[in-house]
Amino acid sequence: MNGTQTILEIDGISKRFHGRGNQESFLVLEDVDIEVKRGKITALIGANGAGKTTLFNVISGFSRPDSGSIMFYDERVNTHNLVSMSPHQIAGLGIGRLFQNLSVFKNMSLIENVLIGSGEKDGEFPFASLLKKSVGVAEQHKVRMAEDIIGKVLGETCTETGLDPGEHQKERWSQKFRFLQPLDRFVSRYERYGDIFDTPLSKIIKNDVFFRDASDFSFGQQRLISLACLFMGDHALLLLDEPTAGVNPQIVEKILTVIRQMVDESGISVFMIEHNMDAVLKIADHCYFMDDGTVTHFGSPADVLGNPKVRREYLGI
Ligand SMILES: Nc1ncnc2c1ncn2[C@@H]1O[C@H](COP(=O)(O)OP(=O)(O)O)[C@@H](O)[C@H]1O
Ligand SMILES: [Mg+2]
């Protein structure tokens, strides 16, 4: 297969779930073939329970298939069969994932959440740079990068929704971490970033927004924070499980724009499960329809969504 245009080649993947007690076992994935093209957005659609998330679990190494192979072609076109690799090894190849449910650290600040995204690849403990007392060049670079990404990804959603910093935000932080002070290294973990946050962006979004708990942001903004975190990592392929689910229409637009922008600017490849058909039509380059564990249709989003059988079985029209 042509590894220069294909980044992920799923070939003959089958997976059986064994029922508990007297429940029968069933094939959740049956002979699934999918190709994800490099630098493109590939959508996976299908009814609830079709097996989409299970397929993502198999790709990320959380679940072992009973048969088939999943070839990942890295940028040097080396081939890796993900089926025999651990989740950690798979992540190390630059395959990132946005989970179906929210995955921000609610009690950590926005900036911490995004900075965590940069830790993984070089084998560094993600929190390490946050605990160090002095800020080295590498950390300064990371903070600037995080600031830039937050600006791109969340920027106007913060100002539009009036997420302005509270008067006593810094006070609140020092109170919050007071119990840690004997540990010394935690002291002024935020103050030391003071002179770094002095870019044009900081003036648009007030610095304190960065230090707000992730839980202070709306559900849709938290989705954007998860995406920002993924964009911090040096990823080649992103697996996004329903990135727009449960999000208000304005933020849906923002999420789609941000994903498209990342693909166009950095050449990242995206494989996304999506329920919102307008979203699929708007941003996907290729589309696969899965019915009961089997891929039954694929092609351009317009072709797949226009197919009478897909419309009948999935859209109910
Ligand atoms: N760990 C599991 N053990 C047994 N059955 C599971 C497990 N995970 C999911 N299932 C079942 O497998 C089917 C596919 O689920 P899932 O992959 O989550 O579908 P989708 O993401 O397309 O909605 C469903 O019938 C679901 O109930
Ligand atoms: Mg799912």
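The values are calculated or read from the model by the stated rules, or taken from the named source; none is laboratory data. Everything numeric here is computed off the predicted structure, so don't read it as measured data. Quick reminder, even Gly has a Cβ in these numbers, built from the backbone with ideal geometry, and neighbours come from all protein chains shown.
From (1) surrounded by 15 or more Cβ atoms within 10 Å (Cβ to Cβ); (2) at negative phi; (3) touching a residue at least 60 places away in the same chain (Cβ under 8 Å), pick out the condition that doesn't hold for Thr79.
Among (1) surrounded by 15 or more Cβ atoms within 10 Å (Cβ to Cβ); (2) at negative phi; (3) touching a residue at least 60 places away in the same chain (Cβ under 8 Å), the lone unmet condition for Thr79 is (1).
Can you pull out every residue in segment 57-69 that is within 20 Å of Met272 (Cα to Cα) and more than 16 Å from ligand 1 (Cβ to nearest atom)?
Result: Ser69, single match.
Report, by residue number, each residue of segment 20-67 that is over 30 Å from Thr257 (Cβ atoms) and of a type in the set (D, E, K, R).
Answer for segment 20-67, where residues must be over 30 Å from Thr257 (Cβ atoms) and of a type in the set (D, E, K, R): Arg20, Glu24, Glu30, Asp31, Asp33, Arg64, Asp66.
Looking at Asn48, is it out of contact with any helix residue (DSSP H, G or I) (no Cβ under 6 Å at 6 or more places or on another chain), closer than 17 Å to Val295 by Cα and not small (Gly, Ala, Ser)?
It is true that Asn48 is out of contact with any helix residue (DSSP H, G or I) (no Cβ under 6 Å at 6 or more places or on another chain), closer than 17 Å to Val295 by Cα and not small (Gly, Ala, Ser).
Residues to consider are Leu98, Leu93; find the one that is in contact with a strand residue (DSSP E or B) (Cβ under 7 Å, 6 or more places away or on another chain) and within 14 Å of ligand 1 (Cβ to nearest atom).
The match here is Leu98.
Just need a number here: residues in segment 211-250 that are aromatic (Phe, Trp, Tyr) and buried (at least 23 other Cβ atoms within 10 Å of the Cβ).
2
So which strands (runs of 3 or more DSSP E) are wholly in segment 67-139 and hold at least 3 residues that are at pLDDT 75 or above and within 15 Å of the chain's Cα centre (by Cα)?
Working: elements: 67-73, 79-81, 95-98.
Those strands (runs of 3 or more DSSP E) span 95-98.
With outside any helix (DSSP H, G or I), surrounded by fewer than 17 Cβ atoms within 10 Å (Cβ to Cβ), small (Gly, Ala, Ser) and out of contact with any Lys or Arg (no Cβ under 8 Å at 6 or more places or on another chain) as the only criterion, which of Gly61, Gly19 stands out?
Only one candidate qualifies: Gly19.
Which of the residues belonging to segment 46-56 are near ligand 1 (Cβ under 6 Å from one of its atoms) and either of a type outside the set (Lys, Arg) or closer than 18 Å to Phe72 by Cα (or both)?
Of everything in segment 46-56, those that are near ligand 1 (Cβ under 6 Å from one of its atoms) and either of a type outside the set (Lys, Arg) or closer than 18 Å to Phe72 by Cα (or both) turn out to be Gly46, Asn48, Gly49, Ala50, Gly51, Thr53, Thr54.
Quick one: in segment 43-53, of everything that is farther than 20 Å from Gly94 by Cα and crowded, with 20+ Cβ neighbours inside 10 Å, which residue is nearest to ligand 2 (Cβ to nearest atom)?
Lys52
Tell me, please, whether a residue that is more than 19 Å from the chain's Cα centre (by Cα), modelled with pLDDT under 95 and more than 9 Å from ligand 1 (Cβ to nearest atom) can be found in segment 7-22.
The answer is yes; a qualifying residue exists.
Pairs, please: C-beta under 8 Å, at least 6 apart or cross-chain, first residue more than 12 Å from Val28 (Cα to Cα) and in segment 39-62, second part of a loop (DSSP other than H, G, I, E, B) and near ligand 2 (Cβ under 10 Å from one of its atoms)?
Listed by first residue and then by second, the contacts come to Ile45/His275.
Go through Leu27, Leu110 for me and flag whichever is more than 16 Å from ligand 2 (Cβ to nearest atom) and touching a strand residue (DSSP E or B) at 6+ places or on another chain (Cβ under 6 Å).
Leu27
Any chance segment 30-40 includes a residue that's buried (at least 22 other Cβ atoms within 10 Å of the Cβ) and not in a loop (DSSP other than H, G, I, E, B)?
Going through segment 30-40, the residues buried (at least 22 other Cβ atoms within 10 Å of the Cβ) turn out to be 32, 36.
Add one more test, that the residue is not in a loop (DSSP other than H, G, I, E, B), and what stays is 32, 36.
Yes, some residue in segment 30-40 is buried (at least 22 other Cβ atoms within 10 Å of the Cβ) and not in a loop (DSSP other than H, G, I, E, B).
Is it the case that Leu8 is in the same structural domain as Val310 (by TED's automatic domain parsing), within 16 Å of ligand 2 (Cβ to nearest atom) and either hydrophobic (A, V, I, L, M, F, W, C) or part of a helix (DSSP H, G or I) (or both)?
No: the conditions fail for Leu8.
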